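Nothing in this text is a laboratory measurement; each read-out follows from the coordinates by a stated rule. Everything numeric in this text was worked out from a predicted model, so none of it was measured. Backbone-built Cβ (ideal geometry, glycine too); neighbour counts: all protein chains shown.
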């Protein structure tokens, strides 16, 4: 996560870096945790 101020406009931008991992590369524990989180969030 970063906050940056643009030099010409003085605007501030917020960025988030994400990584996508295929489900088949997750461990059994990670898959279970993901399923639990999905159920709790509705």
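Tabulated data
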item: Of all residues making up the stretch 13-31, the number that are more than 22 Å from residue 1 (Cβ to Cβ) and loosely packed, with under 10 Cβ neighbours inside 10 Å; result: 7
item: Every pair of residues 6+ apart whose Cβ atoms lie under 7 Å, when the first sits in the stretch 1-14 and is free of Cβ contacts under 8 Å to residues at least 24 places away in the same chain while the second is assigned to a loop (DSSP other than H, G, I, E, B); result: 1/16; 13/6
